[in-house]
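Inspection log for the structure reproduced underneath, given as structure tokens.
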Amino acid sequence: MSGRRRFGAEWSNASLGALAEIRNGGTPRTTVPKYWDGGIPWCTPTDITAAQGRTLDTTARSITKMGLYGSGATLLPKGALLLCSRATVGEVRIAAMPVATNQGFKSLVCGESVDNEYVYYCLLTLKEQMVDFATGSTFLEISKRDVANVRLPLPPHPEQRAIAAVLGDVDALIESLEALIAKKRAIKQAAMQQLLTGRTRLPGFRGDWKVRRLRSDVSLLSGHHVMARDSNVLGVGIPYLTGPADFPRGYIRHTRFTTKPMTVCQAGDILVTVKGSGSGTLVEADAEYCISRQLMAIRPTRWNPTFLRFSLLQNASRIKAASTGLIPGLSRSDILDQALPIPSSEEEQRAIAAVLSDMDAELTALERRLDKTRAVKQGTMQQLLTGSIRLPIPDAVAENGPGR
């Protein structure tokens, strides 16, 4: 690879208006049934934000030919760039099929001088610029003129194609990792449903399961309020958690620090939100934390801690359902009276916990790989789309001339 020639032609700079036809969308009248539920996919910004990957493959609604002709919508060809110009300004996908859009788009039909996938990747880097162009009091919107004035760095077409191919390969890897993670999560969920109820037994284990209430097997620690004068933002002391907003992804993180903790949970405790709309939210503590009275900490005394964590998370909906009243909340009894199935053998608890922990570890490794791949993509885009790094000339291009 090091001996191969690289692209070397100078880049130009061009506006989107010079490179692509910019088309508006439209919405057929919703009161006319014959305009709707036809064979033409009809895209809204919601379809774009829901789409996984770089292409739009499906839409929630469709229109008829009469609906197309009876509105300001136009039929865009496969490969068109569906660029949101309203609300979610700058979000973009590549149309995987002919499609129409509503008026929240300024879609691009690229000319022959430019590769549509290259433009797609350029647009990903220009989202903040387009948001800056957007105006409006009710919702932000970027005009057709401002979209047309957005400028792109432009290498010769063969290099555009080569750059798009490299970034497309990275996207394909990201999409495959996302699909694998989704599959592994589904497998783990199914395994939890089977193993944590005794419906499926691991090899070598027999004996009945029991249903036990938490109160006989756990300690429940109530949180306390920490006065502002006992807190600081210097990173000194023990992190202080105030509620579910502190741990949106399943594992907690600190928001501020306290020098005089009142109630301290430890790594492995299960924290449950007991006040407000987030009541019943469960997460595992990954370190020591001082907890507010918004939270309680469940600490096992007779259960295997990891088995209990999985069992509680599997039954989180039941705990959440116990939250009642005008202001949702959970009492100590609401938590301690929860009854969960448990194998009589502590060895079986450990074995189940080990299986599920292995699944968690595999998921964590895949998620880290996905995060790393996304970071690599961002760095690669920055280098390739600015010409900081030039790609080797593919053999097929070299034989026909690289367009220098």
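Key figures
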| item | result |
| --- | --- |
| Those residues of the stretch 267-291 which are assigned to a strand (DSSP E or B), open to solvent by less than 20 Å² (accessible area, probe 1.4 Å) and of a type outside the set (A, V, I, L, M, F, W, C), in sequence order | THR273, TYR289 |
| Selection within the stretch 80-104 - assigned to a strand (DSSP E or B), open to solvent by less than 10 Å² (accessible area, probe 1.4 Å) and over 23 Å from TRP11 (Cβ atoms) | LEU82, CYS84, ALA95, VAL99, ALA100, THR101 |
| Any hit, the stretch 330-339, residues being over 30 Å from ILE238 (Cα atoms), touching a residue at least 24 places away in the same chain (Cβ under 8 Å), among the aliphatic types (A, V, I, L, M) and out of contact with any His (no Cβ under 7 Å at 6 or more places or on another chain) | yes |
| In the stretch 105-123, the residues that are under 27 Å from ARG29 (Cβ atoms) and either basic (Lys, Arg) or crowded, with 23+ Cβ neighbours inside 10 Å (or both) | PHE105, LYS106, SER107, LEU108 |
| Residue check, VAL218 among the β-branched types (Val, Ile, Thr), surrounded by 14 or more Cβ atoms within 10 Å (Cβ to Cβ), at pLDDT 90 or above and more than 22 Å from the chain's Cα centre (by Cα) | yes |
| Qualifying residues in the stretch 169-200 (those that are in a loop (DSSP other than H, G, I, E, B) and free of Cβ contacts under 8 Å to residues at least 24 places away in the same chain) - the one most open to solvent (accessible area, probe 1.4 Å) | ARG199 |
| Criterion: open to solvent by 20 Å² or more (accessible area, probe 1.4 Å), part of a helix (DSSP H, G or I) and either more than 30 Å from TRP11 (Cβ to Cβ) or not β-branched (Val, Ile, Thr) (or both) - qualifying residue of THR74, THR46, THR138, THR59 | THR46 |
| Looking only at the stretch 302-344, and only at residues there that are crowded, with 17+ Cβ neighbours inside 10 Å and hydroxyl-bearing (Ser, Thr, Tyr), the one that is modelled with the lowest pLDDT | SER323 |
| Filter result for THR301 (touching a Lys or Arg at 6+ places or on another chain (Cβ under 8 Å), farther than 12 Å from GLY268 by Cβ and of a type in the set (S, T, N, Q)) | no |
| Failed criterion for MET130 (all others in (1) at pLDDT below 95; (2) open to solvent by 10 Å² or more (accessible area, probe 1.4 Å); (3) not in a loop (DSSP other than H, G, I, E, B) hold) | (2) |
| Out of GLY53, GLY26, sole residue that is within 26 Å of ALA172 (Cα to Cα), assigned to a loop (DSSP other than H, G, I, E, B) and touching a residue at least 60 places away in the same chain (Cβ under 8 Å) | GLY53 |
| Hits in the stretch 28-48 (condition: at negative phi and more than 29 Å from the chain's Cα centre (by Cα)) | PRO28, ARG29, THR30, THR31, VAL32, PRO33, LYS34, TYR35, TRP36, GLY38, GLY39 |
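The values are calculated or read from the model by the stated rules, or taken from the named source; none is laboratory data. The structure presented is a predicted model; accordingly, all values stated were derived computationally and were not measured. Backbone-built Cβ (ideal geometry, glycine too); neighbour counts: all protein chains shown. The protein model used for the area step is the full one, side chains on, heavy atoms only, and it has no ligands, DNA or RNA in it. Shrake-Rupley method; radii C 1.70, N 1.55, O 1.52, S 1.80 Å.
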